[in-house]
1. Using beta carbons and a limit of 8 Å, which pairs, at least six apart or on different chains, have the first residue in segment 111-129 and without any contact (Cβ under 8 Å) to a residue 12 or more places away in the chain and the second one away from the ligand (no atom under 15 Å from the Cβ)?
2. When only residues in segment 152-182 that are within 20 Å of ARG111 (Cα to Cα) and basic (Lys, Arg) count, which is nearest to the ligand (Cβ to nearest atom)?
3. If you take the residues of segment 183-196 that are surrounded by 19 or more Cβ atoms within 10 Å (Cβ to Cβ) and more than 10 Å from the ligand (Cβ to nearest atom), which of them is nearest to the chain's Cα centre (by Cα)?
4. Out of segment 197-220, which residues are more than 10 Å from the ligand (Cβ to nearest atom) and outside any loop (DSSP other than H, G, I, E, B)?
5. Look through GLU131, GLU148 and report the one residue that is at pLDDT 95 or above and within 23 Å of ILE221 (Cα to Cα).
6. Output the residues belonging to segment 121-136 that are within 13 Å of the ligand (Cβ to nearest atom) and surrounded by fewer than 24 Cβ atoms within 10 Å (Cβ to Cβ).
7. Against the condition surrounded by 15 or more Cβ atoms within 10 Å (Cβ to Cβ), under 30 Å from ARG162 (Cβ atoms) and in contact (Cβ under 8 Å) with a residue 12 or more places away in the chain, how does ALA283 come out, does it pass?
8. Just to check your reading of the model, which residue among LEU20, LEU31 is outside any loop (DSSP other than H, G, I, E, B), surrounded by fewer than 20 Cβ atoms within 10 Å (Cβ to Cβ) and in contact (Cβ under 8 Å) with a residue 40 or more places away in the chain?
Amino acid sequence: MKTVLITGGAGFIGSHLCDLFLSKNYKVICLDNLITGRLENIRHLKSNKCFKFIKYDISRPIHFDGKIDMILDFASPASPVDYLKYPIQTLKVGSLGTHNCLGLAKVKKARFLLASTSEIYGDPLIHPQEEGYWGNVNPIGIRSVYDEAKRFSEAITMAYHRVHGVNTKIVRIFNTYGPRMKLNDGRVVPNFIAQALKNKPLTIYGDGSQTRSFCFVTDLIDGIYRCAHSGLNDPVNLGNPEEFTILEFAELIIQLTHSKSRLEFKALPKDDPKKRKPNIARAKKELKWLPEISVREGLKATIDYFKKISSE
Ligand code: UDP
């Protein structure tokens, strides 16, 4: 039986990865310091003998007895609201945390997969974004705590690959949504759904002309699983290329929730990227991966989930 260590395993994406790897007969060790991750996300795994949770901050050195075949590094606040609340922790987990994981991967001779992000492209000057684009990031802007941490984590991952021969992978994750997102995490999907379900105004930042492309979480984790088992070492974009303006997206959520909400325009946060859409040609070619869940279908499942948790 193979063992995978998942950092940030109690988070939104990390917890779905715990489920997926358990279903593929892996033993899963989940590390999380729970600053943004939540025990509810992994409660159903408590009695599973192949699953172990350890509350731990990976920005501190990691010592682990026993074999590890693979490390998936998913520990980091990822919502702009969260990383602005925890700027230093975000910088530390993307730098010291990733360094510690790479050191562990090196001694355990484990594969290593880094959760990177479309944020490394910053406010992109090319559209859609392909992996060869170097990005347009404000190095001292408010979002830099996340963007530059992830750019550093990509750099150190490639250095461990080149210098120590660690079998590393980098997935650049574009906006992803689905069950287990926190209703109050501040990102656009939970914000709009929570507001629509209460018939409260949907808060549009700026004029709503900025775009995003939304991937359902089951599609994303399938891409991550494929990448983890592939021969790819270069970064790969994972996301759904269907692009919406935030205004169109708000209207879609109002329609799907049958809400009476109106729109309320608020100030655009600083350095908010104007456009975002992945070019997924590399994932298609190298991983034979394509998102399968339409945005309508994924949003319906997410709305049902938020309805359920808000009635509990
Ligand atoms: N946004 C918005 N209203 C909200 C939350 C977010 O208009 O209540 C916008 C935000 O300004 C950004 C987009 O929606 O342009 C996506 O924001 P999110 O926080 O989900 O993630 P980002 O893609 O910026 O990392």
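The values are calculated or read from the model by the stated rules, or taken from the named source; none is laboratory data. These numbers come from a predicted model, not from an experiment. Because the Cβ atoms are built from the backbone with ideal geometry, glycine has one as well, and the counts that use them run over all protein chains shown.
1. What qualifies is ILE126/TYR133.
2. Only one residue fits best here, namely ARG172.
3. ILE193
4. Scanning segment 197-220 gives LEU197, CYS215, PHE216, VAL217, THR218, ASP219, LEU220.
5. GLU131
6. Passing the criteria: GLY122, ASP123, PRO124.
7. So ALA283 passes the test.
8. The unique qualifying residue is LEU20.
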